[in-house]
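Every number in this text was worked out from the coordinates using simple rules, so none of it is lab data. For clarity, every value in this text was computed on a predicted model and none was experimentally measured. Reconstructed Cβ throughout: ideal geometry from the backbone, glycine too, with neighbour counts over all protein chains shown.
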Amino acid sequence: MTTRQRTLKTVLWALIGIFGVVTIARFVGGLGATTGLNDATPWGFWIAFDVMAGVALAAGGFVLAAAVYIFRLEQYKGFARPAILTALLGYAAVAVGLLYDLGLPWHIWHPIVFPQPRSVLFEVAMCVMIYLTVLLFEFSPAILEHRLFNRPLFRTVHRLIKKLTIVLVIAGIVLSTLHQSSLGSLFLIAPHRVHPLWYSPIIWILFYISAIGLGLMMVTLESFFSAWYFGHPLKLKQLSGLGRAAGSVLLGYAALRLGDLATRGGLAQAFDGSGMAALFWFELSLGALVPGLLLMFSRVRSSSAGLLVTALMTVFGVIGYRFDVAIVAFGRPDGVSYFPSWIEIAVSLGVVACALMVFIWLVERLRVYPEDEEPHSPEPTGAVAPRLAGSLRLLLPHSMSAPRRYSLAAMLGAVGAIFLLADGDLFGAQLAATPVSAPRTIEGKLIDHSAARLMVVDGNRDGRGVLFAHDQHVEDLGDKEACEMCHHQRLPFDSQSACSDCHRDMYLATDIFDHSSHINHLEGRQGCSRCHRNADQVKTRETATPCADCHQGMIVTGSSITPPTGGSTGLAVGYLDAMHGLCISCHQRESAADATEPSTGDCALCHQKQAVASWRHIGPYAAPAKPGDTK
Amino acid sequence: MTIRQAILTDTTHCIGCNACVDACKKENQLSKDLPRRWKRRIDDLSSTRFTTVLAKSGGRFVRQQCRHCLEPACVSACIVGALTKTPQGPVIYDGDKCMGCRYCMVACPYGIPRYDWEKPIPYVRKCTMCYSRIEAGGQPACVDACDQGATVFGPRDQLREEAHHRLKRNPKKYIDKVYGETQVGGTSVLYVSDIPLDFLSLNPELGDTPLPDLTWAALSKVPPIILGMGGLMAGVWWITGRRQKLAGTVETATDKKEKKS
């Protein structure tokens, strides 16, 4: 085994080790605790990468099968079997990735028994399922050729499948055509969400054509991999033929996309200088325009560097197209965003690592590549692998036996993942046992005021300190059960709630008017007229009797706050106004007379830092703060 | 025939008392709202809050809830038929069928369905218009709770007439539009209002086309694609085979000639 083979396998095993740990985390903690998904982002990284990109990347299988068996382009025969194996493993990876994304993965078989043919997703699911079976049959000759199956029964099966080849190939092409395009059709239902530069009534045709181009370039990339890893000779002549086909397909895709945009009058939007327009051009250039044009030159096509670069560009660009449609160009309400958590990425990498491992394992045992490709030793031309190997050698020396080396790599990966999970993702469900970070205590000030244990915290992260009775909160909210109400579930960038999440009344006038209790006290509907005096008027707050008409005792004498008259009478004054207007004046008076009273009158007690002016920055009732309006 | 029921909300009558929210929570046995990242950010709806009263400037209150569209995008999107449109109007959900793909959440033009993100066994959560109460001849809990008559329940045709009647009787007060009458093919929750309610949908430019028609345009092409692609491939296969055969016979013929001479 060569160094680069050993190195790649070590890395893959480490990824699989991480994958094992995050798998447990995902299914114990649930989607909310382990992903960045939210109500405005129902689909994230797993759908975009594992499903959308995964299916597109596996398109090489049906494209090559068509070229070799339907168009009988015999020179590409050597590519067909590895491409079909890649497709088989790719689709298997899609299915596994989907298990992580589904909320109820044990219901994954439900589409078979509860079919809903109006759903695009139903069509995708059925096609992918049947195609996975077809691929298994298409690949089965490679398995049946193995000496293990050299028995009369298996030989008969083998002959039968060989006879059915053309049927299988045609079925595979039809199924691929359907679901490659339907992955685009999925988004037809969301014209209100997908950005107009990406939304198109023919998005399904664009998905299909771009998948063909991508499939061809993936076959190219795969040849580079097998040359790098197994030492198979690079068949440049054939690859250049594939490159020419891919180039035309990609240019066709780009032209169709731009033409469609132009006919629908959306081209202006592509030149409006916005970030989305820039992304549109970047993605289209990377995935189709630039590699398509480059591949038109035979000098690029016939050089291995040119092919490698264009293949990589296409792969990233077309995957980018899927990502844009599913995530970036998918609209969300203001203030809601999505970024994948590391667990989402680790799961996807783990699935890819498993698929690659199975690929290598099968190639080592079955005749996936034609016999004429005798591997030569690939050592030691590559530059990247030995360098990476050098750093790995310290950790996992060459002298170590393979099983021991790989187990160690997997274990190291797993331990690393557990370390990353330590902030509670793994045990997210067990709230009481999770450690919570300290409140944002300002300069560590802890004022032990009798039993309440007061501390000064910056609860709203606006640079201002307030007195906060921690123990009192714990007690009032129901002991440790309630920790999560403030300390959340240790989500990224969101370790605690702002005070205003619960105390919405702190900085804004709040609705404290309880309509139903008024009805009860005023003896049901007879009491309506007590407040809604004018029967002709619509019964609204504005037309109702001001609260203070009945509740005269509510007005504090000497207060700087005058209760509102007329409309909006059910609103209590904000905490700020209450403190300044209703409380402080009394406290000042009282503490002047009696030193034991808490001296709320001392401004510096609350206003530790006086710089910030934005008090009333939240809430529907609040008027925008004027500069210097700090009182 | 079952009468198609609907809810009409008149925002000018709403005083923002939140009695509908309380009633909804009680009826559906929803737990209290926790301040969490995935909740209360968008429109205050959450997996524990199926309806909510949004306070708008000028003392206006607007109730947000599931529209129970006449041709619901979520129902057409659902891969297993867990969401269904009942003849009485409500769009209801069957968690036993759901597999959690969340395509309904992608499809909904109002962003209504919410997910139990924090639970290891999550379900889609949304208003069901109190379907069990309607089946028993009653009306939704939120309507029951409204003292102001700001939200009323009844046959959709009648409520539509009532809505237009209100607009006609008081044209200065209302915006001349019955929200939900035609949007995305019409909804079972109608609004009349004195402030624009475009903010209630994810995109103010929602047309009148029912969203399921958009996907159906592509889906209906499945049979022709199967036949066309299958036929095309079989045809090409036959032609290439024939060509090879002909080339073969020509070759063998010339071979024979060469041998003879």
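Legend: mean number of C-beta atoms from other chains within 10 angstrom of residue C-beta atoms, peptide B:112-119, equals 5. Near the amide H of B:R125, within less than 5 Å, lie the amide hydrogens of B:R114, B:Y115, B:D116, all on another chain or at least 5 residues away, with H placed in the peptide plane. Relative to the current alpha-carbon distance between A:W281 and A:Q588, full extension at 0.36 nm per residue lengthens the span by 104.0 nm. Close amide H partners of B:Q5, meaning residues 5 or more places away or on another chain with modelled amide H under 5 Å apart, are B:G89, B:R156. All other residues whose Cβ lies under 10 angstrom from that of B:Y179 are scored, Lys and Arg at +1 and Asp and Glu at -1, for a net of 0. Which shape class applies to the range A:140-253: rounded if a/c is under 1.5, otherwise prolate when a/b exceeds b/c and oblate if not, where a ≥ b ≥ c are the square roots of the Cα gyration tensor eigenvalues? The shape class here is oblate. Centroid-to-centroid, using Cα positions, the range B:152-193 and the range A:310-340 are 39 Å apart.
Each part reduced to its alpha carbon centroid, the range B:37-98 and the range A:132-176 end up 48 Å apart. Would you mind classifying the range B:110-192 by shape? Square roots of the alpha carbon gyration tensor eigenvalues, ordered a ≥ b ≥ c; an a/c under 1.5 is rounded, otherwise it is prolate if a/b is larger than b/c and oblate if not. Prolate, since a/c reaches 1.5 and a/b exceeds b/c.
With a Cα cut-off of under 17 Å and a minimum spacing of 8 residues unless on different chains, the lysine pairs in the range B:5-218 number 12. Report the net charge of residues surrounding B:G235, where surrounding means a beta-carbon distance below 14 angstrom and charges are Lys +1, Arg +1, Asp -1, Glu -1. Taking every Cβ under 14 Å from that of B:G235, the sum is +3. Averaged over the residues of B:121-134, the number of partner chain Cβ atoms lying within 10 Å of the residue Cβ comes to 1.
Annotation: extensible slack from A:V538 through A:F271 equals 91.1 nm (criterion: 0.36 nm per residue apart, minus Cα-Cα distance). Using a simple spin-label model with pseudo-atoms 7 Å out from Cα toward Cβ, A:R72 and B:A234 lie 1.8 nm apart. Spin-label model, A:D334 to B:N170: label points 7 Å out along the Cα-to-beta-carbon direction sit 2.9 nm apart.
Relative to the current alpha-carbon distance between A:D479 and A:H146, full extension at 0.36 nm per residue lengthens the span by 113.4 nm. For the range A:141-148, putting each phi into the Karplus relation 6.51 cos²θ - 1.76 cosθ + 1.60 with θ = phi - 60° gives couplings of x, 4, 6, 6, 6, 4, 5, 4 Hz, in residue order, rounded to whole numbers and with x for Gly and Pro.
Every Cα-Cα pair in the range B:5-218 was counted, and those over 26 Å apart are 31% of them. Remark: the range B:56-63, residue by residue, has Karplus-estimated 3J(HN,Hα) of 10, 4, x, x, 9, 10, 10, 8 Hz, where x stands for each Gly or Pro and the curve is 6.51 cos²θ - 1.76 cosθ + 1.60 at θ = phi - 60°. Close amide-amide hydrogen proximity is noted between B:F61 and B:K56, each under 5 Å apart and 5 or more residues distant or on a separate chain (H modeled in the peptide plane; Pro and chain starts excluded). With a Förster radius of 22 Å applied to the beta-carbon distance between B:K221 and A:A255, the computed FRET efficiency rounds to 0.50.
For B:D96 and A:I24, a Förster radius of 25 Å and the Cβ-Cβ distance give a FRET efficiency of 0.45, rounded to the nearest 0.05. Inter-chain neighbour count for A:99-109: the average number of beta-carbon atoms from partner chains within 10 Å of each residue's beta-carbon is 5. As a proxy for reagent exposure, ranking B:K168, B:K25 by other Cβ atoms within 10 Å from fewest up yields B:K168, B:K25.
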